[in-house]
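Comments concern the structure below.
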Amino acid sequence: MARYLARIHGTEEDKVNCPFYFKIGACRHADRCSRMHHRPAFSQTILIKHAYRHPTREAELKAALEGKSADAISINEAEAAENFLCFFEDFFGELSKFGVLEALHVCDNLGDHMVGHVYAKFSDEEEAADALNVMNGRYYDGRRLEVEFSPVTDFREARCRDFDEDTCRRGGFCNFMHIKPVPLCLIRDMEEDAEEERRREEMERAERRRRDESRRDGGSRKDRHRSGGGSGSSSRRERKGGSSSRRGGSGGGGGSGGSRSRSRSRSRSRSEGE
Ligand SMILES: [Zn+2]
Ligand SMILES: [Zn+2]
């Protein structure tokens, strides 16, 4: 029985868990769905809801405000494409500050439950949690960002293959992800920039730490007490740095089985970018 339930989890056969929420992280019935939307407490993937202003939707809203028919709308495709790439670069740059992005997908769907959705998958759950905590409630382009953990970690199950082959007949109202394509060379460039940025910040942090320490050594007793209390996070980082330098220093042992997933995936994304 348990094995049966595990096999059908999130499929059409499963009468308890919603297959759409399970696979795509969004279901058109939302809270009114007769099946469960089990929102994870942690995930490598965050969903930033409706963050991208879809040009078709924006044009429809504008037409409605001006009392025009929705049939009369026209979209400057070149301008829309340019705007999308700017949007993508903004989000890639911003989200990369929290860790290594394994995927960043923007939906081209028009259904209310998916329009403008942005999915960001990080190399680990801690990075995703950091991103969620900072991004949730922030404003972008006049819009308050609403961020949640998403159950989607395998986008092959979530994306519409017909859209990828330009043959989806459901158009913008398809319930599978229509992932807006981004040139691979642009992604590679942004990955390299993000890696560079992370390295630079790491160096700046180390420099700040050195300055703080030398100031503390020369400072009064009160200062010493104050800075001692707030150094929790920086000492954690020091420990991380220390363990990696020890690993590098030990030389011989080539077995990297014990290395942290974070550093492993970083070096992997670096080698992919070369
Ligand atoms: Zn549902
Ligand atoms: Zn489709």
For the pairs K62/K121; K15/K49; K97/K180; K49/K97; K15/K180; K49/K180, note any where the Cα-Cα span goes beyond 21 Å. K62/K121; K15/K49; K97/K180; K15/K180
Please get the size of the charge dipole for segment 39-188, origin at its Cα centre, with Cβ charges of +1 on Lys and Arg and -1 on Asp and Glu, quoted in debye to the nearest 20. 280
How much of the pair distance distribution for segment 39-188 lies past 19 Å, counting alpha-carbon pairs only, in percent? 55
With R₀ set to 25 angstrom, the calculated FRET efficiency between the beta-carbons of K68 and F173, to the nearest 0.05, is 0.70
Can you work out ³J(HN,Hα) from phi for every residue in segment 50-60, in order, using Karplus 6.51 cos²θ - 1.76 cosθ + 1.60 and θ = phi - 60°, giving whole Hz and x for Gly and Pro? 6, 6, 8, 7, 5, x, 5, 5, 5, 5, 5
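No lab work stands behind these numbers, since they all come straight from the coordinates. Since the structure is predicted, the reported quantities are computational estimates derived from the model, not experimental observations. All Cβ positions, glycine included, derive from the backbone under ideal geometry; neighbour counts span all protein chains shown.
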